[in-house]
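Right, one structure below, let's go through it.
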Amino acid sequence: METITLGKNGPTVTPLCIGTWAWGDKLFWNYGNGYGSEQLQEAFTAALEAGVTFFDTAEVYGLGLSEELLGQFVKQVKQPVQIATKFGPLPWRFSGQSVSDAITDSLKRLQLERVELYQVHWPFTFLLSQETLMNTLADEVKRGRIAAVGVSNYSASQMRQAHQILAARGVPLAVNQVRYSLLSRQIETEGIVATARELDVTILAYSPLAQGLLTGKYSAESAEVPTGARSIDPRFKKEGLQKIAPVISLLRSLGEKYDRTPAQVALNWLIAQGNVIPIAGVKTAQQVRQNAGALGWRLNDEEVQELEKVSRPWK
């Protein structure tokens, strides 16, 4: 399994990350209805069997349950696992101590002494300044409780500011976790990708399959209808699905060439961008094995360009 270094000199991780938003989340993902801890344990095991050992969670996922489940699963294996989690800058958190307390709570739920990556979930920090936030995170790196610092949903200028504050403390900004897929390419036109390259920041791409749109499972002709919040998403209506048909068609034809699914081709396209790690959310072992099929092969430059061209309307 090839590996990627997060940022300039951060931890070394697998080129695919397993997303755990659905682990314990009842609000959006209906945890407990059709899947539970048993299925998630199987998904965790399947990931390790496929050689994928990088997991992304957050304190707000399942109100802490995602971290707890992940902590329980990690405790049962001897294999090294890399964990990334996130801090939510909530209105009542306005001191450096509140950041340190949140790390303490996350580590407790994860049953770990340190995490490979600790990210700020969103840039709006209410009364907590970026200076206080980043300096506290730099302190925590020195203290050894987090190996690397990341941000999430930060614009190019916000990322540059965070990078600058951390650099003054001798700590690199390792990642920016943002929405990125063939159907969400705005981070390219907004300068986030270029700034990340310039600053040596790795992009963690969430929603890499556009919440299932890039799997080929949904089409204007198919009777397949998504459940939950996606059922009211206009992208899943007939008109939205007709619009993405050329992208799905190309993913299918490239998939036939490599004996891969459209989803595996879509994930491979992201990996081919260089210094980009897709975060594939999973609930079952089957989904893990599906996503892991994006590894171990590579689209050629011409094919990467073809997909770039057909998905330009989403830049």
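The values are calculated or read from the model by the stated rules, or taken from the named source; none is laboratory data. The shown structure was predicted, so the numbers you read here are calculated from the model rather than taken from an experiment. So basically every Cβ, Gly included, is an ideal-geometry build from the backbone, and we count neighbours across all protein chains shown. For accessibility, only protein heavy atoms count, side chains too; no ligands or nucleic acids. Shrake-Rupley method; radii C 1.70, N 1.55, O 1.52, S 1.80 Å.
The share of C-alpha pairs in the range 1-121 whose separation exceeds 24 Å stands at 27 percent.
For the cross-link pairs Lys75/Lys237; Lys78/Lys217; Lys78/Lys283; Lys26/Lys142, which exceed 32 Å when the distance is taken from alpha carbon to alpha carbon? With Cα atoms farther than 32 Å apart: Lys75/Lys237; Lys78/Lys217; Lys26/Lys142.
Given all pairs of different Cα atoms, what value in angstroms does the Kirkwood hydrodynamic radius of the chain take?
On the way: mean 1/r = 0.0502 Å⁻¹.
By the Kirkwood definition, the hydrodynamic radius is 19.9 Å.
Average accessible surface for the range 1-136: 44 Å² per residue, computed with a 1.4 Å probe over protein heavy atoms with every protein chain in place. When the alpha-carbon atoms of the range 62-129 are used, the pair Rg, Dmax equals 13.0, 41 angstrom.
Loop-resident chymotrypsin sites (Phe, Trp or Tyr not before Pro) (DSSP state other than H, G, I, E or B) in the range 93-133 with no more than 14 further Cβ atoms inside 10 Å of their Cβ: Phe124, Phe126. Considering only protein heavy atoms and a probe of 1.4 Å, how much of the accessible area of the chain is carbon and sulfur, as a whole percent? Solvent-exposed carbon and sulfur of the chain make up 50 percent of the total. Which angle between 0 and 90 degrees, to the nearest 10, do you get for helix 301-310 versus the longest principal axis of the chain when only C-alpha atoms count? Relative to the chain, helix 301-310 is tipped by roughly 80 degrees.
Look at where the Cα atoms of the range 1-67 and of the range 240-254 average out, and the two centres are 28 Å apart. Reported value for the range 51-182: 116 Å³ per residue, from the convex hull of its C-alpha atoms.
Within straight-line reach of Lys8, meaning a Cα separation under 15 Å, sit the following aspartates and glutamates at least 8 residues removed in sequence or on another chain: Glu116, Glu198, Asp200. With helices as the sole contributors, the chain gives -12500 deg cm²/dmol at 222 nm; each DSSP H run of n ≥ 4 counts as -39500 (n - 2.57), and the sum is divided by every residue. Scalar couplings 3J(HN,Hα) for the range 105-115, obtained by applying the Karplus form with A = 6.51, B = -1.76, C = 1.60 to θ = phi - 60°, are 5, 4, 4, 5, 5, 7, 6, 10, 8, 7, 10 Hz; x denotes Gly and Pro. Report, to the nearest 10°, how far helix 156-167 tilts away from the longest principal axis of the Cα atoms in the chain, using its own Cα long axis and a range of 0 to 90°. The answer is roughly 40 degrees. The fraction of all Cα pairs in the range 189-299 landing in successive 10 Å bins from 0 to the largest distance is 13, 40, 35, 11, 1, given as whole percents. Relative to the Cα centre, the charge distribution of the range 90-206, modelled as +1 at Lys and Arg Cβ and -1 at Asp and Glu Cβ, gives a dipole magnitude of about 140 debye.
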